[in-house]
Amino acid sequence: MVTISVMIATPRGPRIMAHSQEREAALSGESILRNLERVALPTAVWIRCADLAVALRITGYLNGVQEEMIAA
């Protein structure tokens, strides 16, 4: 089982989550980002995971969510 830590900087302080599945980590991170005001973007996102490939995929996904939101 992989432990994935996700930390997202928000105007109210950092949001920190831990998940055991890649999909859960990505979706919970996306949910937090989508609830931020557009002026708060882009924001810092940190992913910690023993599996570098998982960390890079989630980072890329959440950065893509931010890019999409900024462009909208």
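Mind checking which residues of segment 1-23 are open to solvent by 40 Å² or more (accessible area, probe 1.4 Å) and either more than 20 Å from L52 (Cβ to Cβ) or β-branched (V, I, T) (or both)?
The answer is V2, T3, P11, R12, P14, R15, I16.
Working only within segment 33-65, note down all residues that are out of contact with any helix residue (DSSP H, G or I) (no Cβ under 6 Å at 6 or more places or on another chain) and surrounded by 17 or more Cβ atoms within 10 Å (Cβ to Cβ).
L36, A55, T59 - these are the residues of segment 33-65 that are out of contact with any helix residue (DSSP H, G or I) (no Cβ under 6 Å at 6 or more places or on another chain) and surrounded by 17 or more Cβ atoms within 10 Å (Cβ to Cβ).
Mind counting the residues in segment 1-56 that are part of a loop (DSSP other than H, G, I, E, B), within 10 Å of the chain's Cα centre (by Cα) and of a type in the set (A, V, I, L, M)?
Residues meeting the conditions: 2.
Kindly list the number of the only condition in (1) more than 12 Å from the chain's Cα centre (by Cα); (2) modelled with pLDDT of 95 or more; (3) not acidic (D, E) that fails for V65.
Looking at each condition in turn, V65 falls short on (1).
Do the conditions hold for A71, that is, is it open to solvent by 80 Å² or more (accessible area, probe 1.4 Å) and among the aliphatic types (A, V, I, L, M)?
The answer is yes for A71.
The values are calculated or read from the model by the stated rules, or taken from the named source; none is laboratory data. Treat the numbers as computed from the prediction; the structure is a model and nothing was measured. Cβ sites come from the backbone with ideal geometry, for glycine too, and all protein chains shown count toward neighbours. All accessible areas refer to the heavy atoms of the entire protein, side chains included, with ligands and DNA or RNA removed. Shrake-Rupley method; radii C 1.70, N 1.55, O 1.52, S 1.80 Å.
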